[in-house]
Amino acid sequence: MREALYETVIAAGLACVDEVLEAERRRLCGPRYQHLAGREALRAGHVASSLVLGGRRVAVSRPRARSVDGRELSLPSWREWSTRDPFTERAVEQMLLGVSTRRYARSLEPLPPTASVRGISKSAVSERFVYGTERKLAELMSRELGKLSFTALFIDGVHFGEHVVLAAVGVDDYGEKHVLGLREGATENSAACKALLADLIERGLDTEHSLLIVIDGAKALHKAVVEVFGARALIQRCREHKKRNVSEALPERLRASVRTMMNQAYATRDAKRAHRLLDNLARRLEHQHPGAAASLREGLDETLTVMRWGLPENLERVLSSTNLIENLFSRVREIGRRVRRWQSGTMVLRWSAAGVLEAERSFRKIVGYRAMPMLVAALRAHDAKINRATTVDDAEKAA
């Protein structure tokens, strides 16, 4: 009975489509078999077409009409139905939910045996997914940023096979997260980093006010940020990357204890004391493990940038690492777990764009967002300091 009811509903829906289209042709051409002196359109039979229904294309016989001078006339309902493409949206949605192209047809609701369907083969679904993800990538990379006021910018590189995707996520004055852009490149490549930042600025990212920029320990990324933002960039090195880099330079037996000491130093929430503890740790490591000591000292002050502002612990923790981006890309990895070989950087970008936009749908404000006014005040104080220094320099030059 359930199957019979479903088939009846589908059949009735397709019959309704035929009836609507035929009624619109009747309004254009007039009643059948009547001679009308002022006739402006003529019937032109039917043509085999298809409409999207439940994630596949279903064959329908579309009525046609032509003007008296032979031009094809479009029926309003058909024009509306054919301009929208729910098939592409459904294919992308199914893929993002973990359905493979081979099993796409099995994930759809069954249709009556009498319905003629197409567009559910592996190649057709794959083609639709490519087209849909290209649109999502274009949508992401064309977002206007000028209407938003950002206080923090997270930048990190995430590996997919042989490729690296540079990602930028902004946090506005109210703690809302926004995916700003992606670029295929390498964190070791300063040109790729600068190109990502240049694209953000071109789309309206404000560079006239100070900005907290959270990055990993990549020197090329650090160089690009300084060159693009200058003194307006307040750089926070990711503490998790710092711990990881120091640990990798140590033998296995020392890694847990050194990581514990670093955690204790950062947990003091006193920038001067934390710096002293970490510097003491570097001195202890220097003789036996100079590489680990050098890694710890490199950029040490920039791992304490946020700590100096006295923000609440939960907000400080969020702003002290690039985990925000890594959590975002965990969704991309989950979606792309079936991909055995990333064929090109373009493919990586398409999948990344689809994944981050899917993850963005469930974005919440960052933890500790109620203290965002404290962060904004710290940034404006830095602006005032830069403006005073600029005024003094201009006065000295004028003198």
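No lab work stands behind these numbers, since they all come straight from the coordinates. What you see is a predicted model, and the numbers here were worked out from it, not measured in a lab. A quick note on method: Cβ atoms are made from the backbone with ideal geometry, for glycine too, and the neighbour counts reach across all protein chains shown.
Note on Asp301/Arg259: beta-carbon distance plugged into 1/(1 + (r/R0)^6) with R0 of 22 Å gives a FRET efficiency of 0.65.
Helix 219-229 and the long axis of the chain differ in direction by around 80°, with both axes built from C-alpha atoms.
Length, then width, then depth: along the principal axes, the Cα atoms of the stretch 108-212 run 65, 34, 21 Å. Would you kindly state how much longer the chain becomes between Leu42 and Ala15 on full extension, computed as 0.36 nm times their sequence separation minus their alpha carbon distance, in nm to one decimal? Additional length available on full extension: 7.4 nm.
Counting only alpha carbon atoms, the long axis of helix 323-335 and the longest principal axis of the chain meet at about 30°.
How high is the FRET efficiency between Ser126 and Ala59 when r is their beta carbon distance and R₀ equals 25 Å, given to the nearest 0.05?
Numbers: r = 22 Å, r/R0 = 0.87.
For Ser126 and Ala59, the calculated efficiency is 0.70.
Ordered by the number of other Cβ atoms lying within 10 Å of each residue's own Cβ, fewest first, Thr151, Thr88, Thr390 fall into the sequence Thr390, Thr88, Thr151.
The angle between the Cα long axis of helix 345-360 and the main principal axis of the chain comes to about 90°, on a 0 to 90 degree scale.
Kindly flag which residue pairs out of Lys147/Lys177; Lys242/Lys365; Lys219/Lys365; Lys194/Lys365 have an alpha-carbon separation exceeding 21 Å in this structure. Don't skip to the end; give the middle numbers.
Numbers: Lys147/Lys177 14 Å; Lys242/Lys365 26 Å; Lys219/Lys365 30 Å; Lys194/Lys365 28 Å.
Listed pairs above 21 Å: Lys242/Lys365; Lys219/Lys365; Lys194/Lys365.
For the stretch 122-174, run through the GluC sites (Glu not before Pro) and keep only the ones in DSSP coil with at most 13 other Cβ atoms within 10 Å of their Cβ.
On the way: sites: Glu127, Glu134, Glu139, Glu144, Glu162; in loops: Glu144, Glu162.
Hits after loop and neighbour filter: Glu144, Glu162.
With neighbours defined as other Cβ atoms within 10 Å of a residue's Cβ, the residues Tyr174, Tyr33, Tyr369, Tyr104 order from fewest to most as Tyr33, Tyr174, Tyr369, Tyr104. Under the rule of -39500 (n - 2.57) per DSSP H run of 4 or more residues, summed and divided by the residues of the chain, what mean residue ellipticity at 222 nm is obtained, to the nearest 500 deg cm²/dmol? Computed mean residue ellipticity for the chain: -16500 deg cm²/dmol. What label, among (1) 4, 18, 19, 17, 18, 15, 8, 1, 0; (2) 5, 24, 34, 24, 10, 2, 0; (3) 4, 17, 21, 18, 14, 10, 8, 5, 2, 0, 0, belongs to P(r) over Cα pairs in 10 Å bins from 0, in percent computed from the structure on display? Derived directly from the coordinates: (3).
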